[in-house]
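Worksheet: the structure to be examined is printed underneath.
The values are calculated or read from the model by the stated rules, or taken from the named source; none is laboratory data. Computed from a prediction, not measured in an experiment: that's the story for all the values here. Because the Cβ atoms are built from the backbone with ideal geometry, glycine has one as well, and the counts that use them run over all protein chains shown.
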Amino acid sequence: MSGPDVSEARPVRTVWKLERRAHAGPALAWGASIGAVVVAMALTGALFAAFGVDPLDALRRIVDRTLLDARGLSEVARRSIPLMLAGVGLTLAFRARFWNIGAEGQLLAGAIAASGVALFSGLPAPLLLPAMFLAALVAGAAWGLGPALLKVRLGVNEIITTLMLNYVAIYLVRWLINGPWKGTSLSGFAYSDPFEQAARLPTWAATRLHWPTLAVAIALAIAVAWLLARTRFGFEVRMLGASPEAARYAGVDFFKTTVALVAVSAGAAGLAGFGEAAGIHHRLVDPNSLSPGYGYTAIIVALLARRNPLAALVTALFLGWVAAAGDVMQVALRLPSQIVGVTQGLVLLCILAAEPVLRYRLARVEVPLAPPGADGRTAEGSAR
Amino acid sequence: MPSDEATGPPPLLQMTGVTKRFPGVVANDAVDLSVARGEVHALLGENGAGKSTLVHILYGLQAPDAGEIRLDGRPVRFRSPRDAMAARIGLVAQHFHLARRHTVAENLALALNDTPALFPTRSLRARVAPLADRYGFEVRLNARVGTLSPGEQQRVEILKALLQGAELLILDEPTSVLTPQEADRLFAAVEVMKAEGKGVVLISHKMDEVLRVADRITVLRGGRVVARREAGEADAGELATLMVGRTVRRGRRDAAPEPGAVRLRIEELRVDGEKGEPRLADVSFDVRGGEIVGVAGVAGNGQAELAQVLTGLRAPTSGRIRLDDRDVAGLNVRTLFERGVVHIPEDRNLVGVVGSMQVAENLVMRRHRQEPFARGRRLDWRAVGAHADEAIRRHHIAAPSRATVTKTLSGGNVQKVILARELDGRPGLVVASHPTYGLDVAATEETHRLLRAQRDAGAAVLLVSEDLDELLELADRIVVLFRGRVTGVLDADSVDRGDIGLRMAGQVGSDTDPTAHGGTGAVRT
């Protein structure tokens, strides 16, 4: 076996190679979010076609009934409210890399507390709504505090604890409406008695848009943005999320900071529960009716907004539109109701799939070809 | 061995001119390394000397930019560890690559190419028994790996490599997880491998074990081979000095002011690791105001723990730390910083700055609770911005703007951000860990200037460094650490380099050490 002549000029070949980016700028980051939405919509369109529905025609009809119609528009907005509240709260938690998957449970805890106050407190009418608001805020925060304490004290993974507490909240609501809080006025149905008028949020004209909650959501987004950008607390939250080691070196109190930010984050989800109970249903109802997964959709809201609280208002509107469009799809296009969940899932999947785009770039590089004798022997020998 | 060298067989491994560059550093610069059959070749070097990169190249984890590898005289090029294994190279890594939830037999079966699809571990016992016998390894084939001690896991790794037919074994810091008795057994097995004509590359920064088992020793520093010695002619003190550097940079010590009163007093400090093992024990020394005290030692002998305890990142187990006559032991980072303890951390990119944040933000972190940056609970970004512009100008930080994302800066400029933040005030104690590691000459000079300025202003400065020249140039006194204990507090003006080396190797100053393991004090060549 004599080796081949290696003295000839080495050939070069060009290959595509993934390179790590030093830093992804904001333009690229937003481009990735928008790209993710576009791809998800295209995939949803393909799904429509598979059901025998022309996607472009479907889109036109959905836009007609959601965005070009006053009532449709109000539906989009009212579905966005819980997504805004919970989503904005999650942007804060996610900034510190506290992966709160429990907004759904925190929302339900808020709804339970608000309903409890509405049904049983006996407070005078003008105090009723403020008391419900506070109760929901505290209950939501309390629901998040358990996982926060477990994480900072014992290092328990918050993804699991927050997620599991969602089921606890779901069954707690079911137990209440089938048991102690079961309504007397409508026997045979599993929900609580209706709230008195003073415990109901005003709505916009004849729609279901409970605007006070919308105002709270917008104010919260502005407040969280201000907190993150302008305060010592926000600076420490951002340090904690960007580099825990550096945060420790900077003297950030991991315990206090985490507990405080989770309280705000989970409290916001609790307020979403207040809005749904006092603004839409006016009673404690089955968890599936109270929240068709708002707490989970809020995760997509926060991630699509790239953990920016103000942007979460916009992404909440988008996902609120997807939810409202689901009604149109079911009624006008006779598509199965699950299509909403599928669309949401596709959006999330596309966001996650876009992450490597931010970390890497594809570059063309020239590599010298190894002398065939040196290269071939071991590489090919082991490949087969 | 054949008498005629020229016509003798080529060495088992011959690496020639191996070069590997990473952005900003040359990790391996034209490194040559050869291992004959029946030889143990030790690679000695500090963290960052390029040992790991060389191993990665040899094991197919990274491709060299230049250079050649020959096995038994044939050129080879590995694209992955599979290729290296097929060429009969085995790696026993520092961190084991074993499936912890599976049994020893299952882990071994996983590593073999000819494992049957059904009942993969059936024939294994028959194959393992003779190997285990020959090398003196008893292994419990049915035990789950997660339940084994580190020493046992290491034996599984070695068996894995031997079952794969490895002729060249790379042992990467093999004794870092072993008790002295386990280390003895490992080296007995290495003797068997030698007798069988296998080659061994031993990566280590422990002089005593290198002197004990190696036939040849190559010292790497800064990616280059700085010395090559036959075992017989090597000397622990010399090797220690070679490892930490004898660069030709000749800095004269400047006229230091007369030191003032004691500012930092450490008494009988003890720090235990996570498993209760002592990382620092019986450490006592003072640092005066206007004095720079250097801490010398081979990496991993307690320097990192000392810096962490003094700056609040780690709690002392026992002992006293007094700063300006106030007890500060066990205070948290924030309180210590407020009391004037500043820290230039060892890992500047991960700990010293938040890479994804702006330069301006990194210039105020730690100080962000103080005026003028904090106004109550709010931050005054105008003050932060003005401060950043000032610091960038005064420290010549090469950043396009104060809003530049910090991780896009070069290492020298990241360090300038840290120095500007930590050394701009009037600290009482400066703890600087490897402050010039990886910096160019200009940035190094600037760092030294700032440290001297703090000394002249009356601060107590503790300088931890692996660069002996840096210590001799800057420090007034040098504390030498070996296995967490002080093996000497030396006056920098009258110190002998060889003496420091011996103390770093634990061969002088540690004879009263009750925890000293066998082999430490005994090895003199």
Inset, instruction - Answer yes or no: is there a residue in segment A:179-198 that is part of a helix (DSSP H, G or I) and within 14 Å of chain B (Cβ to nearest Cβ). - result: no
Inset, instruction - Return yes or no: is A:Gly241 within 14 Å of another protein chain (Cβ to nearest Cβ) and on the phi > 0 side of the Ramachandran plot? - result: no
Legend entry - Residues (crowded, with 20+ Cβ neighbours inside 10 Å and aliphatic (A, V, I, L, M)) located in segment B:451-471: B:Leu451, B:Ala459, B:Ala460, B:Val461, B:Leu462, B:Leu463, B:Val464, B:Leu468, B:Leu471
Legend entry - A:Ala278 vs. criteria farther than 27 Å from B:Ala383 by Cα, crowded, with 22+ Cβ neighbours inside 10 Å and either in contact with a strand residue (DSSP E or B) (Cβ under 7 Å, 6 or more places away or on another chain) or more than 14 Å from every other protein chain (Cβ to nearest Cβ) (or both): yes
Legend entry - All helices (runs of 4 or more DSSP H) inside segment A:300-384 with 1 or more residues being modelled with pLDDT under 80 and within 14 Å of chain B (Cβ to nearest Cβ): A:339-359, A:372-383
Inset, instruction - Return the residue satisfying two criteria in turn: it lies in segment B:341-375 and is more than 21 Å from B:Gln415 (Cβ to Cβ) and either more than 9 Å from chain A (Cβ to nearest Cβ) or touching a strand residue (DSSP E or B) at 6+ places or on another chain (Cβ under 7 Å) (or both), and of such residues it is surrounded by the most Cβ atoms within 10 Å (Cβ to Cβ). - result: B:Phe373
Legend entry - Residue that is modelled with the lowest pLDDT [pool: residues in segment B:130-178 that are under 24 Å from B:Ser34 (Cα atoms) and β-branched (Val, Ile, Thr)]: B:Thr175
Inset, instruction - Considering every residue within segment A:274-285, establish whether at least one is touching a Leu at 6+ places or on another chain (Cβ under 9 Å), part of a helix (DSSP H, G or I) and of a type in the set (D, E, K, R). - result: yes
Inset, instruction - Look at B:Ala183 and say whether it is in a helix (DSSP H, G or I), touching a His at 6+ places or on another chain (Cβ under 9 Å) and farther than 21 Å from B:Met15 by Cβ. - result: yes
Legend entry - segment B:224-248, subset over 13 Å from B:Arg212 (Cα atoms) and in a helix (DSSP H, G or I), residue modelled with the lowest pLDDT: B:Val244
Legend entry - Flag for B:Asp65 being in contact (Cβ under 8 Å) with a residue 40 or more places away in the chain and under 20 Å from the mean Cα position of the chain (by Cα): no
Inset, instruction - State which residue is modelled with the lowest pLDDT when the search covers only segment B:1-55 and only residues that are more than 27 Å from B:Ser410 (Cβ to Cβ), acidic (Asp, Glu) and not in a strand (DSSP E or B). - result: B:Asp4
Legend entry - Selection from segment A:37-88 of residues that are outside any helix (DSSP H, G or I) and either within 17 Å of the chain's Cα centre (by Cα) or touching a residue at least 40 places away in the same chain (Cβ under 8 Å) (or both): A:Phe51, A:Val53, A:Leu67
Inset, instruction - Would you check which residues across segment B:345-385 are among the aliphatic types (A, V, I, L, M) and assigned to a helix (DSSP H, G or I) and list them? - result: B:Leu350, B:Val351, B:Val359, B:Ala360, B:Leu363, B:Val364, B:Ala383, B:Val384
Inset, instruction - Among residues belonging to segment B:72-89 that are assigned to a strand (DSSP E or B) and within 9 Å of chain A (Cβ to nearest Cβ), point out the one that is nearest to B:Arg37 (Cα to Cα). - result: B:Arg74
Inset, instruction - Answer with yes or no whether B:Arg503 is at pLDDT below 85, more than 18 Å from B:His434 (Cβ to Cβ) and either of a type in the set (Ser, Thr, Tyr) or out of contact with any Asp or Glu (no Cβ under 7 Å at 6 or more places or on another chain) (or both). - result: no
